[in-house]
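Peer 1: Let me begin by handing over the structure; questions about it come next.
The values are calculated or read from the model by the stated rules, or taken from the named source; none is laboratory data. Remember, it's a predicted structure, so these values are computed and weren't measured experimentally. Cβ sites come from the backbone with ideal geometry, for glycine too, and all protein chains shown count toward neighbours. For the accessible areas, the whole protein counts, side chains as well, though only heavy atoms, and no ligand, DNA or RNA atoms are used. Shrake-Rupley method; radii C 1.70, N 1.55, O 1.52, S 1.80 Å.
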Amino acid sequence: MIQPYQQFTNRRSEPRFDCKSTGTLLLLPSGTEVPCEIVNQSASGAQVLVKDMPHSPGDLWLLDVPGQMVKFGSPAWTQPHKMGLRFTFAHKLDPNGERPNRVPVGVWKAWRRLAGLDLPPPQEDVFFLD
């Protein structure tokens, strides 16, 4: 039995998996961070839900903190609160490792900050008693 609707909704050639994970879109060149929910993803793309997109993004990075991944790409399609992304580069990050050469410094720092790896040093409380 042929089901054209099912073929139309699954346009990626590789399998996608549901992840229901939180992520952040880092928009270029402004560096604006937009929180998102990653609905599903595959090696070449993802579908994300966003609450407020400041403008139509061009190139962007998807920071997947729980998956320890950063992915570079662009929107394949957009709806008011949903977006399909097409990736051209993906890299798994090691929280204890060095920044990979192909991952820009700004993306690396944003990922580490969102992952809670670069917390500011605790401030010492100083009391002067006379």
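Peer 1: For region 44-69: of the residues being under 25 Å from Pro100 (Cβ atoms) and in contact with a Pro (Cβ under 9 Å, 6 or more places away or on another chain), which is surrounded by the fewest Cβ atoms within 10 Å (Cβ to Cβ)? Talk me through it step by step, then tell me what you get.
Peer 2: Filtering region 44-69 for residues under 25 Å from Pro100 (Cβ atoms) gives 44-46, 48, 57-69.
Filter once more, keeping what is in contact with a Pro (Cβ under 9 Å, 6 or more places away or on another chain): 57-61, 68.
On the way: Pro57: 20, Gly58: 11, Asp59: 13, Leu60: 19, Trp61: 24, Gln68: 13.
Out of the qualifying residues, it is Gly58.
Peer 1: When region 37-74 is examined, which residues are found to be acidic (Asp, Glu) and in contact with a Phe, Trp or Tyr (Cβ under 8 Å, 6 or more places away or on another chain)?
Peer 2: Initial filter on region 37-74 (acidic (Asp, Glu)): 37, 52, 59, 64.
Matches in region 37-74: Asp59 only.
Peer 1: So which residues in region 30-43 are in a strand (DSSP E or B) and open to solvent by less than 50 Å² (accessible area, probe 1.4 Å), if there are any at all?
Peer 2: Keep residues of region 30-43 that are in a strand (DSSP E or B), which gives 33-41.
Once the filter is applied, which keeps residues that are in a strand (DSSP E or B) and open to solvent by less than 50 Å² (accessible area, probe 1.4 Å), region 30-43 yields Val34, Cys36, Ile38, Val39, Asn40, Gln41.
Peer 1: Just give me the residues in region 45-79 being assigned to a strand (DSSP E or B), of a type in the set (Val, Ile, Thr) and under 20 Å from Leu114 (Cα atoms), in sequence order. Can you show your working first?
Peer 2: Filtering region 45-79 for residues assigned to a strand (DSSP E or B) gives 45-50, 60-64, 69-79.
Next cut, of a type in the set (Val, Ile, Thr) only: 48, 50, 70, 78.
Answer for region 45-79, where residues must be assigned to a strand (DSSP E or B), of a type in the set (Val, Ile, Thr) and under 20 Å from Leu114 (Cα atoms): Val48, Val50, Val70.
Peer 1: Name the single residue, out of those in region 70-85 being small (Gly, Ala, Ser) and open to solvent by 20 Å² or more (accessible area, probe 1.4 Å), that is nearest to Gly23 (Cα to Cα).
Peer 2: If we filter region 70-85 for residues that are small (Gly, Ala, Ser), which is where we start, we get 73-74, 76, 84.
Applying the additional criterion that residues be open to solvent by 20 Å² or more (accessible area, probe 1.4 Å) yields 74, 76.
Numbers: Ser74: 15, Ala76: 18 Å.
Result: Ser74.
Peer 1: Does Glu98 satisfy the criteria of being touching a Ser or Thr at 6+ places or on another chain (Cβ under 9 Å), of a type in the set (Asp, Glu) and surrounded by fewer than 14 Cβ atoms within 10 Å (Cβ to Cβ)? If you could, list the steps in order and put the result at the bottom.
Peer 2: Numbers: touching a Ser or Thr at 6+ places or on another chain (Cβ under 9 Å): no; of a type in the set (Asp, Glu): yes; surrounded by fewer than 14 Cβ atoms within 10 Å (Cβ to Cβ): yes.
Spelling it out, it is not the case that Glu98 is touching a Ser or Thr at 6+ places or on another chain (Cβ under 9 Å), of a type in the set (Asp, Glu) and surrounded by fewer than 14 Cβ atoms within 10 Å (Cβ to Cβ).
Peer 1: Going by the conditions given, is Trp111 assigned to a strand (DSSP E or B), modelled with pLDDT under 95 and either open to solvent by less than 60 Å² (accessible area, probe 1.4 Å) or of a type outside the set (A, V, I, L, M) (or both)?
Peer 2: On the way: assigned to a strand (DSSP E or B): no; modelled with pLDDT under 95: yes; either open to solvent by less than 60 Å² (accessible area, probe 1.4 Å) or of a type outside the set (A, V, I, L, M) (or both): yes.
No.
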